[in-house]
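**Student:** Have a look at the structure that comes next, please.
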Amino acid sequence: LEMAEALGLLKPKKNAPRTGATAEHYFDLFRDRLMFPIFSATSDVIGFGGRTLGDALPKYVNSSDSPVFNKSKVLYGIHETGKFIRAQDEAIVVEGYMDAISLYAAGIKNVVAILGTAFTPEHAKLLKRYTLNVKMLLDGDEAGISGAERSLPILLEAGLMPKGFVLPEKMDPDDYVKAKGADVLKAEIARAPELFNLLLTKRWMANYHGSASEKVQIVDEAAMALKNMQNRQLMDL
């Protein structure tokens, strides 16, 4: 019971004894959920995701950080998809494990997912073991674009070559594949623009009217993204 608690599977009930506790003193954090084991890159189970089988909120629950699991260092699916990423020399990054499973089932197998957290330097380092080419598959809402903006300097600082494709608003990868087909999504991913250029047009210049102050702001925002860029030759281009 103590180990299950440390791994984030159980939580003690209020006023439960700290010594001599038995099963009735705990409740199951993943009750009534479909379970998705989360594997490390070396294929060890280190955590779980759970999707509710009913209407309970939150819809998805991930294991809390534990001695063996830290979601800021884990990319879901890489134990299985790493070989496809290496073979295609390209990684597609999506938001959640259901997105990754949907793409994999549709035949897009060089995919990994972040787990309810922002993209981190640890994620970038892990990807760099497999490829330098990263494509972010982004939700078309404000959160998706903001996430890309935060990810760009991390990706560039790690020496990765990031591109991005923005899904239509209110569509996730599974919706897109069902509506358009896997081949259409593959084609969109293949011609995805540089993530820097995508942000330049969809974020930094979205409301640009040509004023001097706006130009200064755009330059400042671009400079922040490029500040610690590892590939100086790419910056010159």
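The values are calculated or read from the model by the stated rules, or taken from the named source; none is laboratory data. Everything quoted here is computed from the prediction, not taken from an experiment. A quick note on method: Cβ atoms are made from the backbone with ideal geometry, for glycine too, and the neighbour counts reach across all protein chains shown. Each accessible area value is taken on the protein alone, full model and side chains, heavy atoms only, with ligands, DNA and RNA left out. Shrake-Rupley method; radii C 1.70, N 1.55, O 1.52, S 1.80 Å.
**Student:** Between N133, N15, N62, find the one with the highest GNM mean-square fluctuation for the chain; connect C-alpha pairs within less than 10 Å.
**Tutor:** Looking only at N133, N15, N62, the largest GNM fluctuation is found for N15.
**Student:** Tell me the volume per residue, in Å³, of the convex hull enclosing the alpha carbons of the chain.
**Tutor:** Details: hull volume 38.5 nm³, N = 237.
Convex hull of Cα atoms, per residue: 163 Å³.
**Student:** Whose amide H sits under 5 Å from the amide H of F27, counting only residues 5 or more places off or on another chain, with H placed in the peptide plane?
**Tutor:** K11, K13
**Student:** Next up: Once you've got the GNM for the chain with C-alpha springs shorter than 10 Å, pick whichever of S40, S66, S213 has the biggest mean-square fluctuation.
**Tutor:** Comparing S40, S66, S213 in the GNM, the peak value goes to S213.
**Student:** Can I ask one more? Tell me, how many Å apart are the Cα centres for the stretch 21-47 and for the stretch 126-160?
**Tutor:** Using only Cα atoms, the two centres lie 29 Å from each other.
**Student:** Could I ask something else about it? Within the stretch 147-182, find all residues whose amide N lies under 12 Å from a label point positioned 7 Å from the Cα of Y60 along Cα-to-beta-carbon.
**Tutor:** Within reach of a label on Y60, which here means backbone N under 12 Å from a point 7 Å along Cα→Cβ, the stretch 147-182 contributes 172-174.
**Student:** Now for a separate question. In 10 Å bins starting at 0, how do the alpha-carbon pair distances of the stretch 67-147 split up by percent?
**Tutor:** For the stretch 67-147, the pair-distance distribution reads 19, 55, 25, 1.
**Student:** Just the number, please: carbon plus sulfur as a percent of the accessible area of the stretch 1-152, 1.4 Å probe, no ligands or DNA/RNA counted. The partial results should precede the final answer.
**Tutor:** Working: 4340 of 7810 Å².
Heavy-atom surface of the stretch 1-152 belonging to carbon and sulfur, 1.4 Å probe: 55 percent.
**Student:** A follow-up question, please. How far is helix 78-88 tilted off the main Cα axis of the chain, in degrees rounded to 10, range 0 to 90?
**Tutor:** 20
**Student:** Once phi is turned into θ = phi - 60°, what whole-Hz ³J(HN,Hα) does the Karplus curve with 6.51, -1.76 and 1.60 give for every residue of the stretch 2-10, x standing for Gly and Pro?
**Tutor:** So the J values, rounded to whole Hz, are 5, 5, 4, 5, 4, 8, x, 8, 10.
**Student:** Report, by chain and number, residues whose modeled amide H sits under 5 Å from the one on F48, excluding near sequence neighbours (fewer than 5 apart, same chain).
**Tutor:** Close amide H contacts, sequence-distant or interchain: I38, S63.
**Student:** In whole Hz, what ³J(HN,Hα) sequence does the stretch 110-118 give by Karplus (6.51, -1.76, 1.60; θ = phi - 60°), x for Gly and Pro?
**Tutor:** Listing the rounded values in order: 8, 10, 9, 10, 7, 10, x, 9, 5 Hz.
**Student:** Further question on the same structure: Counting Lys and Arg as +1 and Asp and Glu as -1, each charge on the Cβ, what is the dipole of the chain about the Cα centre in debye, to the nearest 20? Please list the in-between numbers first.
**Tutor:** Numbers: 29 positive and 30 negative charges, 74 e Å.
Roughly 360 debye, rounded to the nearest 20.
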